[in-house]
């Protein structure tokens, strides 16, 4: 069995194990009833917001590309982003959606370094946007939790903010390694990502675009979660979702499960318990959020199936380079 198959099996094990552990103490019948009784009119609003979210993501990627002297038309960027999102959400593949997006961008004519760095830095902007949102919104949210939880939330958020800033600074100085190592291909790649990081985040215009679009996207995701909760009768606010969803999304970025299943459910049940939401209510919300993500991935699957380059094996080889 190859390393890729072992890694994939471990991801299935993590997803399955977390889901089994979670549902052992939750009333699945109550969670299912909430989902089946969801307000369809509100769900139609969620559908519109998911379309808007895809547009935000494409524009954000193109903003990062523009900052590092790369270019993709909105149509091509949309097509590649949808395909990448499909791989992230709908396929239990060892190839991640970001690797697919890098590969297809390279095939579209972008340089290899521009393809890699644009996707990486768009991810960095996304994570920084998550951190900024939760740090800004948390002080207005703190009254929603008890004094015991409030005592650790603010220090934890402060540490998160410092970690995000420190990580960004490290990225910017990756080209300061001793010159005797500069001939190594890996070190050359680090120098390129450092230079591109500075182009994106030290330019006020570029940073405003990348981080502003990230914040807009996360606020929109929080609105999606809020409306989903509203559709199943949860007593939550948009502010609750703006504070609680970013940590959930951060945990979901860990490549340890299948499309975040299991990890997302565990994180969401734990997060929403802080404001008194029952386990079955949070589980229902998490499942609906996951189903919305799968729905968002379907157009990418259609685009990929209609394309001439559909070999996952080639993507596997490319991701090993």
Work out, step by step, the length gained on full extension between residue 39 and residue 149: first 0.36 nm times the residue separation, then minus their alpha carbon distance; give nm to one decimal. 36.4 nm
What is the Cα radius of gyration of the stretch 43-118 over 2.2 N^0.38 Å, N being its residue count? 1.13
Alpha carbon convex hull of the stretch 194-255, volume per residue in cubic angstrom: 95
Which value, in Å³ per residue, describes the convex hull spanned by the Cα atoms of the stretch 33-184? 198
Extension gain (nm, one decimal) between residue 253 and residue 294, 0.36 nm per residue minus Cα-Cα: 13.2 nm
Give me the tail of P(r) for the stretch 7-309 as a percent: Cα-Cα pairs with distance above 25 Å. 52
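Just so you know, all these numbers are worked out from the coordinates, no wet-lab data involved. These figures come from a predicted structure and were not determined experimentally.
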